[in-house]
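Please treat every number below as a calculation from the coordinates, not as lab data. Everything quoted here is computed from the prediction, not taken from an experiment. For neighbour counting, all protein chains shown are included, and Cβ atoms are generated from backbone atoms with ideal geometry for every residue, glycine included.
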Amino acid sequence: MSRIGKMPVSIPAGVTVTVADDNTVTVKGPKGTLTQKFSNEINFQQEAGVISVTRNGDAKLQRSLHGLTRSLLHNMVVGVTEGFTKSLEIQGVGYRAAKQGKKLVLTVGYSHPVEIEEPAGLTIDVPAPNKIVVGGTDKQLVGQLAADIRSVRAPEPYHGKGIRYEGEYIAIKEGKTGKK
């Protein structure tokens, strides 16, 4: 039995969860609404402020979907109540970020500034020229946008310059040595 899948998902006050007949789950909360369709191999039981996730049988597919489905449902509930954020930091001389309307403008060593449009449902904040905070209700979309921003100039291993996640460790390599 899946250890994660066995744990019930508690539903806080102000959040409504509806499960349709085709296993489409809709979660509404103070920060928005999220909808996702799950496999028919998984069942949902809702009672007194908690949802339990169970599986129909013990096949490999059902076992693999059990914990995944519970985690995705939990992330939906957390997303509409608290939201998710991912912080990035920019390191390098002259490297900086700025927000112009709904666009993030990155100056990271290219001959032109790189502009990234803010997608619907997500927010990009620039509290400092070397810090970017991506936020939203959908954990997967927040992580994907943060990864896309990081890929504009991934940190290089010799000086550590580039865009990295906050707290990410970059192993610095030793450079070439001169001939003696």
Of the residues in the stretch 9-36, those that are within 22 Å of the chain's Cα centre (by Cα) and in a loop (DSSP other than H, G, I, E, B) come to I11, P12, V15, P30, K31
Collect the residues in the stretch 160-179 that are in contact (Cβ under 8 Å) with a residue 40 or more places away in the chain, assigned to a loop (DSSP other than H, G, I, E, B) and either in contact with a Gly (Cβ under 9 Å, 6 or more places away or on another chain) or among the polar types (S, T, N, Q) (or both), keeping them in residue-number order.
G160, K161
